[in-house]
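Inspection log for the structure reproduced underneath, given as C-alpha cells.
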Amino acid sequence: MENKYNEKLDIIDGSVAGVPTVEYGQVLEYPNEDVKEHRGDLHRTFKARHIQMICLGGCIGSGIFISTGKALRYGNYTGMFIGWTLICTMSWTVMQVMSEACCIFPTSGAFVDHAARFVDPALGFAIGFCEWFGWITVVAAEGAVFRVIISYWTELIPTAACMTIYLVVVFAIHIFPNKMFAEFEFGTAAIKVVAMIVILLTCIAIVAGAGSTGSTHHAENYTSLPAFPHGFKGVAQSFLLAAWSTGGQEIMGITNGEADMPRWNLPRACKNLLIRIFVFYLGSVTLITVLVPYTDPRLLGTSSIAASPFVIAMNDAGIKVLPDILNVVVLVGLCAIGAESLYISSRISTAMARMHMFPKIFGRIDTQGRPYMSLLIAMALSTIMTYINCSNTGAVIFTWFSSITATVYFLAYMTICISNWRMRAAFKAQNDNPLTLQYAYKNKFFPLGSVFLFISSIFVLASTFYVSLFPIGAPTTAENFFETFLCVPLFLVLYLGYKIVYKTKFVDPKEADLQTGRRPLTESDIAFLEAYYSQPWHKRALTYLTF
C-alpha cells in the first residue's frame, strides 16, 4: 500500500483470524495461540503474559541495583526522591500516551513509524537512528558491567573471557524463534520480580533491626546530613540515573508489534508498570535512603556490586547469603537486558529498512520470524563495542558512544507526545477517529498527560545540559560535556541532514496515512473483551496471573 512518506511500508498488520467467538458465561480463554500474523514475515507470537511480565520486570537490572548508589552519593534522599518520582511518573505517562497509537497501529516500528507517519519522516529517521544505535551500546554496557559483577567473587577470570560468556548467552537467545525469546524474557523477569520482593522485605526487616548485628538504622540522611549536598547538580544527576534504571518503556511498543492481540496486551501492561514504579523503584529508593548514609565511602565504587546500597545495608546487618543471591540476580538481569536491547535495535532497524530509511539488507527476515540481517549487524556492532572496553582508550571511546542512551529516552518521550498530537489531528481532519469505536484504548489524561510529559522532558533535558556543562567534581570540558549530552547534537544533525537531503515536509493531517498497519478489532476480539469486562473485578484481576 502506498503512503505519504515512503513507497511501500510492508509491516505486520491486520487482525487475528480464526479466533472462536466467546459466549457470555463461557470460561474465558485467550484466542488460539497457534494463530499468528505472517504478513511482513514477523510472527505475532508474544502472548499477554509475556508482555505483562516484560513490563513488570524486564527493565530491572544494574540500574536499580548499582546506579542507585551513585545517585544517593550525589543527590542524597532529596535528589533521589525528586529524580525517581519525576522519571517514574514520566515513564508511566509515556506508556499511556504511546499506547493509543500502538493499539491502533501495532507496527514493528512503533513510535518511529508513528513519528514518520504523522509528523515528519526526518523526525522518524533521527529518533530511529538514535534509538537503534543507543540500544546497541546498551548491549555492550551491560557486558562491561558483567565483568565487574563476576569480580565480586573472583578476579581470576580475564575481562575478555567474562565479556565473551555474556555475549554468547545474549546472542544464543536470538538463535531460536521469537517465541523462545519471549519465554526467556518471561522467565528472567519473573526471577527479578521475586528477587525484588525478597530484597524489599529484607530491607524492611533490617530497618527494624534484623540481622546478626541487630542494629537499627536511624536515617542519618534525614536527620543530620544536608538535604542537597551538591545543590541542583545532585538532583540533575539523579534524573539521568533514574532514567537509566527505569527507562526503556519503548520496548513495550516494539514488542506490541509482534503481539497477537495488541488491544488486550498493552493496556494491561500499563497497569503492571504502576507496580514496578511505585513498589519496586520508589519503595527501593525510600529504603535505601533510610539504610545507607550518602557519605558512606563504599558508594564511591559506583560501577561495582559492592557499591550497591542494598549490599552495603545487608553487609552492615551481618547478612551473608543475600548479597550473593543479589549478585546472581544482577547477572541474570544483565543477560536479559542485553537480549532485550538486541531485540529492540534489530526491530527498529528492520522497520526503518522497510520505511526505506535504512539499507534494504536490514529488512530481511527468515521463516522463523527473525530479522536475521538486522540481528547479525547488531551483534557485530555490539561485539566491537563490548570488547573495546578492554582497553583504556577503547573505554573512553565507548563512553562517548554510550552517552547516546543517556538522553535518548527524553527525546523519544518528546517525539511520542508530538506524534500523538499529530495523530489526533489527522483523525479529526479526515473524520476517521478509531478512538470513538467500541473498546478503543484512549489516554485517560489527554491532553494533560502528553503536555506534562513534553514539558517535563524539556526540563530534564535542560537539567542534563546543566550538569553536563558543569559536572559534579569535574571541570567544564568538551569531553565531560559530550560524555552525557552527545545524543542531542547527534539527533539535531540527523534530523536536519535527512530533511535537507531528502527535502521532507511536515505531514499534512489531511494526508496522513491512517490505513497502513491499522488493526481494527474483529468480532471475535470484541466478544472476548465483552466476556472479560463482564466478569467481577476479582476474576479480572486473577487473569493477570493466569494468562
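The values are calculated or read from the model by the stated rules, or taken from the named source; none is laboratory data. Note that the structure is a prediction, hence the values are computed from the model and not measured. Every residue, glycine among them, receives a Cβ derived from its backbone with ideal geometry; neighbour counts consider all protein chains shown.
Okay, here's what the table says:
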read-out	value
Qualifying helices (runs of 4 or more DSSP H) (wholly inside the stretch 111-216; at least 2 residues being among the charged types (D, E, K, R) and touching a His at 6+ places or on another chain (Cβ under 8 Å))	178-207
Output for the stretch 445-481, where each listed residue is more than 30 Å from MET98 (Cα to Cα) and aliphatic (A, V, I, L, M)	LEU469, ILE472, ALA474, ALA478
Which listed residue is in contact (Cβ under 8 Å) with a residue 24 or more places away in the chain and within 30 Å of LEU299 (Cα to Cα), from PHE410, PHE427	PHE410
Leading residue by the ranking (surrounded by the most Cβ atoms within 10 Å (Cβ to Cβ)) among those in the stretch 500-531 that are within 19 Å of PRO434 (Cα to Cα) and β-branched (Val, Ile, Thr)	THR516
Restricting the stretch 479-499 to residues that are without any contact (Cβ under 8 Å) to a residue 60 or more places away in the chain and surrounded by 13 or more Cβ atoms within 10 Å (Cβ to Cβ), the residue that is farthest from ILE416 (Cα to Cα)	ASN480
For THR476: the one exception among (1) in contact (Cβ under 8 Å) with a residue 12 or more places away in the chain; (2) assigned to a loop (DSSP other than H, G, I, E, B)	(1)
Selection count where residues are in contact with a helix residue (DSSP H, G or I) (Cβ under 6 Å, 6 or more places away or on another chain) and either surrounded by fewer than 20 Cβ atoms within 10 Å (Cβ to Cβ) or among the hydrophobic types (A, V, I, L, M, F, W, C) (or both), scope the stretch 327-350	13
Identity of the residue in the stretch 351-381, part of a loop (DSSP other than H, G, I, E, B) and aliphatic (A, V, I, L, M), that ends up surrounded by the fewest Cβ atoms within 10 Å (Cβ to Cβ)	ILE365
Failed item in (1) touching a residue at least 12 places away in the same chain (Cβ under 8 Å); (2) part of a loop (DSSP other than H, G, I, E, B); (3) over 19 Å from the mean Cα position of the chain (by Cα), with PRO106 passing the rest	(3)
Matching entry among ALA227, ALA236, ALA205 (being more than 21 Å from ILE344 (Cα to Cα), surrounded by fewer than 20 Cβ atoms within 10 Å (Cβ to Cβ) and in contact with a Phe, Trp or Tyr (Cβ under 9 Å, 6 or more places away or on another chain))	ALA227
Within the stretch 453-472, considering residues that are touching a Ser or Thr at 6+ places or on another chain (Cβ under 7 Å) and surrounded by 14 or more Cβ atoms within 10 Å (Cβ to Cβ), the one farthest from GLU483 (Cα to Cα)	LEU453
Options GLY109, GLY124, GLY69: the member that is of a type in the set (Gly, Ala, Ser), in contact with a Gly (Cβ under 9 Å, 6 or more places away or on another chain), buried (at least 24 other Cβ atoms within 10 Å of the Cβ) and modelled with pLDDT of 90 or more	GLY124
Filtered residues of the stretch 423-452 (kept if more than 22 Å from the chain's Cα centre (by Cα) and surrounded by 20 or more Cβ atoms within 10 Å (Cβ to Cβ))	MET423, ARG424, ALA426
Filter pass, ALA406 being at pLDDT below 85, buried (at least 22 other Cβ atoms within 10 Å of the Cβ) and not in a loop (DSSP other than H, G, I, E, B)	yes
Residue among TYR281, TYR294, TYR343 that alone is part of a loop (DSSP other than H, G, I, E, B) and at pLDDT 80 or above	TYR294
